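The values are calculated or read from the model by the stated rules, or taken from the named source; none is laboratory data. Nothing here was measured: the structure is a model prediction, and the numbers come from that model. Ideal geometry is used to build each Cβ from the backbone, glycine not excepted, and the neighbour counts take in all protein chains shown.
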Amino acid sequence: MKFFYKISPFLFCAIFYFWASPVLAAPDADHDRVSDEDEIKVYYTNPNNPDTDGDGFDDYAEIKSGYSPRVVGKKFDEVDYDEDELNDRLERLIGTDLGNPDTDGDGSLDGKEIYSGFDPRNSDPAVRYLAKRIQIGIKEQKLRMSVGTVILAEYPVSTGTLQYPTPLGAFKIDNKANRAWSARWGLWMPWWMSLRHGNFGIHELPEWPGGKKEGENHLGHRVSHGCIRLGVGPAKMIYDWADLGTPVQIQQSLYGTKVASE
Ligand SMILES: [Ca+2]
Ligand SMILES: [Ca+2]
Ligand SMILES: [Ca+2]
Ligand SMILES: [Ca+2]
């Protein structure tokens, strides 16, 4: 008994922890540090194989570094296991079931819900709306699309030059057109989303009457006349996604303080 009086309280705690941990820890049959329950219900991995996809990295290491433990060489955001148009990274972030295409069982796919502003975790009409939001960071030259508190994606943009800076502040999409003509600058603006009643807006890389289109290499640089220019692909996708009235917050930085509402 004398021995116990001599060991430090810290050592005593450590001994207790290692003695008690097999009892306290959740069952983990393959000892890969992902519990059986998480393997079966969350990640859809094999609870009896520490390296489900056989790529030499165990399930835990892959999950920790953002890789899918189910598909070799793919990150979570490159895999849509249940084919519901919502990738595995977003499913984990939102808390939907990455193995069930219709988590709340209301007949509408998780991906369809989230991109149209609905909560795929809840079919109750009273609480199922998630607000769509666009943020633009001048410093980062990026447009971010979100629903509720979930960031769906970020895309490179080109905003105004120092001479024609993009205004900062809170705006709303107040008009949309597949293709708008700028009389002032003599160019076409595909997938036009107007802010401040046409004073400036968001659109795809512009096109000149001769058919020349601005190059993608301008994205990430401040070369516009004040508008926010998006690449081919994201421009139409955001045009289709954003409803009239969708708030657009233009900030010096996406990580800085928010600009007060107009
Ligand atoms: Ca395990
Ligand atoms: Ca693996
Ligand atoms: Ca999915
Ligand atoms: Ca659903």
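A few notes on this one:
- Taking (1) more than 16 Å from ligand 1 (Cβ to nearest atom); (2) modelled with pLDDT of 95 or more; (3) of a type in the set (Lys, Arg) in turn, ARG92 satisfies each apart from (2).
- Condition met for LEU130 (at pLDDT 95 or above, within 15 Å of ligand 4 (Cβ to nearest atom) and not polar (S, T, N, Q)): no
- Only one of GLU85, GLU78 that is free of Cβ contacts under 8 Å to residues at least 12 places away in the same chain, acidic (Asp, Glu) and surrounded by fewer than 17 Cβ atoms within 10 Å (Cβ to Cβ): GLU78
- Residue within region 250-262 that is in a loop (DSSP other than H, G, I, E, B), among the β-branched types (Val, Ile, Thr), under 14 Å from ALA170 (Cα atoms) and outside the structural domain of LEU152 (by TED's automatic domain parsing) present: yes
- Counting only helices (runs of 4 or more DSSP H) that sit completely within region 47-155, those holding 1 or more residues that are away from ligand 2 (no atom under 16 Å from the Cβ) and of a type in the set (A, V, I, L, M) correspond to 88-94, 110-115.
- In region 186-205, the residues that are part of a loop (DSSP other than H, G, I, E, B) and closer than 13 Å to VAL157 by Cβ: LEU205
- Selected residue (criterion: nearest to ligand 1 (Cβ to nearest atom)) from residues of region 30-78 that are β-branched (Val, Ile, Thr) and more than 23 Å from the chain's Cα centre (by Cα): VAL34
- Pairs where the first residue, in region 45-71, is more than 16 Å from ligand 3 (Cβ to nearest atom) and the second is assigned to a loop (DSSP other than H, G, I, E, B) and of a type in the set (Gly, Ala, Ser), C-beta under 6 Å, 6+ apart: PRO47/ALA29; ASN48/ALA29
- Only one of GLY169, GLY137, GLY105, GLY160 that is assigned by TED's automatic domain parsing to the domain that holds GLY226, small (Gly, Ala, Ser) and at positive phi: GLY169
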